[in-house]
Amino acid sequence: MREKLRVENQARANSMKPGKWVNSTCKMCIHTCAIRCHITPEGVINKIEGNPTSPSNRGKVCVKAITGIMRTYDPYRLKNSWEEAMSTITEKVKACIDKDPREFMAAISDFHKIYLWAWPAVVGSANQFHVVGTYCGGGYHITAGIYNSCFAGAGDYKYCNYWMNIGTGDGFSSHLHVGAAQGHMADARDRGCRVVTVEPRLSTGASKSDEWVPIRPACDRQFCLGIIHALMYEHKIYDAEYLKWYANGGYLIRDNGFFKRSATETHKAPPGRPAGSMAWFAQRGMEKNKPMIWDPVDQKAKVFDDPTIKDIALEGSYEVEGEKVRPAFQFIKDAYKEYTPEWAERITTVPAATIRRLAKELGEAAQIGSSITIDGEVYPYRPVSVNWYRGAQGHKCSAMDNQVYILLNMILGSFNAPGGLLGVVLGSAHMTWTDEPGLDGLLDPKPHQLHPEVPFAWPSNTVQLVELFPIGVDAGQLSYFTCRDPKAFGMNWKPRVLLTYHSNTIWSLPGNVEGWYEILRNLEFIFSIELFHNETSTFADIILPDQTYLESWALLMCEPPITEGLNCRQPVVKPLGTCRDSYDILAELAERLGKLDIMNGIMSFLTGLVHDQDLMLDVTKRYNHKDFLDHCGRYWTKTFWGGEKSIEWFQEHGHNTIVRPPEHKYYMSDKRGRDMRRPFYCEFFLETRDELKEKFKEFDIKLPWGEWPWDDYGAFPTGKLSTVHTEPPEYDMYAITFKEHLMNFTENLSIPWIRELVDRDPHHRGLMMNPKAARQKGIEDGDYIEVRSQFGHLTGWVVLSEGIHPETIGISNATNRTVTHNPITRLGGGQFNTLLGMGMDYTCAVCGSMESVAKVKVTKLPAPPPPPRY
C-alpha cells in the first residue's frame with residue numbers, strides 16, 4: 001500500500017494542469033500496459049502516464065508509451081474517402097471469393113484485436129501471407145502449449161534467486177510486458193537475484209546482468225545440452241521427485257523410442273472429458289494401452305497410475321515382456337552422453353569450464369528438496385529460472401530449441417514451481433490457467449495457440465502449406481514458392497487479392513525481396529488497413545486509415561507474466577478526420593459481402609461467447625467494436641472472475657487486473673499436479689511425425705525441396721545443427737538483427753522522439769562489429785561495408801564494439817528501412833531479412849519457424865559515400 005500511494009502521489013504531482021484524466025491501455029507494443037491520459041479542456045492529449053492502480057505496470061510506462069501523443073497527432077497519418085473505397089473493395093473481394101475463396105490472402109498482425117486474425121475465414125480462406133508467428137515465436141508458442149498448456153513463459157519475479165536469460169531480454173529490454181517487468185526485475189535484484197545473460201550481443205539486459213556469456217549465434221541449444229550433460233553426468237544434480245511424479249521421467253521407453261505399454265490395461269477418458277471429445281482421443285487414445293514404469297521396491301513393471309506404486313525408477317535398464325526398456329530419464333541421459341561441455345564448446349565457443357560452472361550454479365540455486373508454503377498450500381521451492389525467446393529459438397530447428405530449455409527447467413524442478421519458470425497465457429479468451437488432463441497421465445497438449453488446427457489436404461488449400469504442419473504455425477515464408485509456381489505444388493489456383501492490416505509483410509519476410517515485390521505486383525488487388533505507409537502498403541491499391549490506440553477500443557491483457565485480467569482501451573480524443581476502428585471496417589465489409597452472419601459466428605466462437613446464449617452475438621446484427629467488447633467483457637468477467645462487468649465499468653475503472661493467484665501459477669503441490677504430468681519425454685511429437693509420414697505416403701507428396709526433414713521431430717531435443725552452420729566457408733560471419741525496448745518492430749521510427757533516441761545510440765546507427773574481427777579484415781570504425789549472404793545483401797557504416805561476439809555482425813532493425821513517406825523515417829542500406837534463406841532447409845518442419853540468422857561475408861567498399869549526419 002505504501003508503494004501504491006507513493007506512485008499515485010507522484011502521478012498527481014506531475015500532472016497539475018486543467019483538464020481531465022481518462023483511463024486507457026497502451027498499444028505502442030503488443031503488451032497492454034495500463035495508462036491514463038490527461039486531456040485539456042480543448043480535447044487535446046498533453047500527457048500519458050502509467051495507471052498507478054494497476055498491479056502490472058504499477059504506474060510506470062516505457063518511453064514508447066509517452067510517444068503515443070506524437071503518433072496520434074502525426075501530420076503524415078493516412079486519410080481516405082470511404083464510400084468509394086469500400087465499394088471498390090467489396091467488388092474486388094466478392095469477385096475473388098465467388099470464383100475461389102482460396103485466391104484471397106491476408107496478413108493481419110494486430111495483437112490487440114487477435115480475434116480479427118480469423119477474418120479471412122469469414123470469406124472462406126485460410127491463407128496467411130506473413131510470418132508474424134514464425135519469426136518471433138513459432139516453436140516457442142507450440143511447445144508452450146504442448147508442455148504447459150499456455151502461450152509463453154517467464155521467470156517468477158517474486159521468488160527467483162538465479163535468473164538466466166538466453167537470447168532474450170526478459171526483465172530488461174524485450175519480450176513480456178517490458179514496462180512492467182523492468183520494475184519487477186529491479187525488485188528481484190534488490191533481493192539479491194543473480195542474472196546471467198547468454199547471447200551474441202551485449203544488449204541492455206546483458207549489460208545489466210551479473211554476467212554476460214557471449215555465444216556464437218544459433219548454438220543456444222547445444223550450449224544447454226552441455227549444461228544438461230554436466231548436471232546429469234558430472235554434478236549429478238536433478239530433481240528426481242519432480243521427474244518421477246510431476247513429469248514422465250520414469251515412463252519406460254522401448255528401443256524404438258515409444259512408450260512401453262501394458263498388454264492389458266487400457267485408457268479411460270479423463271474425469272469430465274467424454275471419450276472422443278478431442279482429436280487426441282479420436283485419433284490416438286482409446287485404442288492404446290497404458291504406459292508403464294518400473295517400481296524398484298517391488299522390482300516389477302506397473303502401469304503409471306497403479307495405486308500400489310512405491311517408487312519409480314529413473315535410471316537403469318530392464319526387461320519387460322521379453323523386451324529391453326529404459327526409463328525416459330535414462331533413455332535421454334544415454335543419448336546425451338556425447339554432449340559434453342567440450343563438445344558444446346566446439347560448437348558454441350563458450351568455454352567448457354564456463355558451461356560446467358554455470359551448470360553447477362543453476363543446480364545449486366535450485367535448492368532441490370526445499371519447499372515453501374503459500375496461502376496454506378505446500379509447494380516445491382525452486383528459485384531458479386532459465387528464460388529464452390527469439391534469439392535462442394528463432395532457428396531452423398526451433399521446436400527442438402524450445403524443447404531443450406523446457407527440459408533444463410524440468411531437470412532443475414523449476415517448471416511451474418515458486419521461483420521457477422511459469423506459464424503465461426495469451427490473453428483475450430485465454431485468460432486463466434487452461435491445463436486439463438490428457439492421455440497417459442500427461443497434460444493435454446494444446447499446440448494450436450493462435451488458431452484451430454487446419455485439416456489436412458493435398459494439394460494444399462493454403463499458400464503457407466499449413467496442412468503440412470499439423471502442430472505448427474503459419475510458415476508464411478513458404479508462400480514465396482507457392483505464389484510464384486503453384487503448379488509445382490499441385491495447386492490449380494493462384495492468389496489474386498490481398499488484405500494487409502497492421503502487417504508490414506515485405507519487411508518481415510525472408511529472402512529475395514525483389515521476388516516478393518514481383519508477387520505483389522502480380523496480384524490483381526491489394527487493400528490495407530494502416531496508420532501510415534510502409535514497405536508493403538506502398539503496393540496497395542487502397543489504404544483504409546485506422547484509428548490510433550488513443551482513438552479506439554480494445555479489451556485485453558496480452559501475455560501478462562505476473563497478473564491476469566483485462567485492460568480497457570478507450571478513445572481519449574476524437575479520431576482524426578474520417579479514420580475508423582479496424583473492427584468496424586471489417587464488420588462493414590463482411591456485411592457488404594453478405595458474410596456478416598459468418599463473421600459474428602466466428603467472433604462468438606473465438607471469444608467463448610458461444611457458451612452463453614444471452615451474450616452470444618446475433619448473427620443478423622452488425623455490432624460496432626465497443627458493443628462487441630461489451631459482450632466479451634461481460635462474458636469473460638463472469639466466467640473467469642466471478643462478477644459480470646460492462647464496458648462502461650471498464651471505461652470508468654480502466655482494468656480489473658489482479659496479481660495471478662498461486663493456483664494459476666504453480667501447478668504442482670501437495671494437493672495437485674500428478675494427474676497432469678509434464679512430458680519430459682514427449683512421445684506426442686513422434687506420433688505426429690508418423691501420422692504425417694503416412695499422409696505423405698498416401699498422397700505421394702513430392703516437394704521442390706526434396707525429402708521432408710523428418711529429423712526435426714523428436715521426443716526430446718538432439719544436437720542437430722541449424723543449416724546456417726553448413727554454409728560455404730567464404731561466408732565466415734553470422735549476421736543477427738536486434739532491437740531494444742524503445743522500438744516496436746521499427747514501425748515507430750517515424751516518431752521524432754524515438755528517432756532522436758535511436759540516433760543517440762551508436763549501436764542503432766551502424767553495423768556492429770567486434771574490433772578483433774574488423775582488424776582481421778582491414779576494417780576500421782566508420783568504414784562503409786557490404787554484408788552479403790547467398791541470398792541478398794545490404795550496406796552500412798561500421799560501428800566497432802567489444803560488446804558483440806567476434807564472429808558476429810549485429811544489425812539493428814533501426815538501420816534497414818527501405819521505404820519512407822515522411823521526413824523522420826530514414827532509409828537504410830537494405831533490409832536484414834534479404835540475407836536470410838528460405839525453403840525447408842531454413843524452416844522447422846515441426847512448427848514452421850524460419851531461421852533468423854544468416855551466414856555472411858563482409859567486404860569493405862572502396863569508395864564509400866559520406867556517412868549520414870545525425
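The values are calculated or read from the model by the stated rules, or taken from the named source; none is laboratory data. Note that this is a predicted model, so its numbers are computed, not measured. Methodologically, a virtual Cβ is constructed for each residue, glycine included, from the backbone with ideal geometry; neighbour enumeration extends over all protein chains shown. When the accessible area is computed, the model is the full protein with side chains, heavy atoms only, and any ligands, DNA or RNA have been set aside. Shrake-Rupley method; radii C 1.70, N 1.55, O 1.52, S 1.80 Å.
Give the percent of DSSP beta bridges with both residues in the chain that are antiparallel, rounded to the nearest 5. Of the beta bridges lying entirely in the chain, close to 60 percent run antiparallel.
Peptides 296-308, 816-828, ordered by how many other C-beta atoms sit within 10 Å of their residues on average, highest first, read 816-828, 296-308.
Shape summary of the range 677-741, radius of gyration then Dmax from alpha carbon positions: 17.2, 48 Å. In this rough spin-label picture, where each label sits 7 Å from Cα along the Cβ direction, the Asp298-Gln651 distance is 6.5 nm.
The convex hull built on the alpha-carbon positions of the range 574-638 has an orientation-averaged projected area of 4.8 nm².
Net charge within 11 Å of Tyr246 by Cβ-Cβ distance, Lys/Arg positive one each and Asp/Glu negative one each, not counting Tyr246 itself?
Numbers: positive: Lys244, Arg672, Arg674, Arg677, Arg678; negative: Asp239, Glu241, Asp675.
For residues surrounding Tyr246, the net value is +2.
Accessible surface ranking for Glu648, Glu807, 1.4 angstrom probe, highest first: Glu648, Glu807. Which residues in the range 713-740 place their backbone N less than 15 Å from a point set 7 Å from the Cα of Gln776 along the Cα-to-Cβ direction? Once the point is set 7 Å along Cα→Cβ of Gln776, 729-735 turn out to lie under 15 Å by backbone N, inside the range 713-740. Which label marks the calculated value of Cα extents along the principal axes in Å, given the options (1) 103, 87, 48; (2) 79, 72, 67; (3) 106, 75, 48? Calculated Cα extents along the principal axes in Å: the matching label is (2). Multiplying the residue separation of Asp485 and Glu453 by 0.36 nm and removing their Cα-Cα distance gives an extension gain of 9.0 nm. FRET efficiency for the pair Asp541 and Leu827, taken as 1/(1 + (r/R0)^6) with r the Cβ-Cβ distance and R0 = 22 Å, rounds to 0.40.
By how many nm would the segment from Val378 to Asp305 grow when fully extended, if each residue of separation counts as 0.36 nm and the alpha-carbon distance is taken off?
The Val378-Asp305 span can extend by a further 24.0 nm.
Across the range 309-325, coupling constants 3J(HN,Hα) worked out from phi with the 6.51/-1.76/1.60 Karplus curve, θ = phi - 60°, read 4, 9, 7, 10, 6, 9, 10, x, 10, 9, 10, 10, 6, x, 10, 6, 9 Hz, and Gly and Pro carry x. For Tyr242, the accessible area of its heavy atoms, probed at 1.4 Å with every protein chain present, is near 10 square angstrom. The accessible-area ordering, largest first, of the residues His653, His763 stands as His653, His763, per a 1.4 angstrom probe. Seen through its C-alpha gyration tensor, with square-root eigenvalues sorted a ≥ b ≥ c, the range 628-748 comes out prolate because a/c lies at 1.5 or above while a/b is bigger than b/c.
Using 0.36 nm per residue and subtracting the Cα-Cα separation, the extra length available between Ser87 and Glu436 on full extension is 120.9 nm. Accessible area per residue for the chain, computed on protein heavy atoms with a 1.4 Å probe, is 35 Å². Across the chain, C-alpha contacts under 8 Å between residues 6 or more apart give a mean separation that, scaled by the residue count, equals a relative contact order of 18 percent.
Can you send over the carbon and sulfur percentage of the accessible area for the range 566-636, probe radius 1.4 Å, protein chains only?
50 percent
Each label point was placed 7 Å from the Cα along the Cα-to-Cβ direction; for Tyr73 and His235 their separation is 5.4 nm. With the simple spin-label model, which puts each label point 7 Å out from Cα in the Cβ direction, the Asp334 to Ser371 separation comes to 3.5 nm. Using the rule -39500 (n - 2.57) for each DSSP H run of four or more residues, divided by the residues of the chain, the 222 nm mean residue ellipticity is -7500 deg cm²/dmol. Cα centroids of the range 708-739 and the range 320-338: 27 Å apart.
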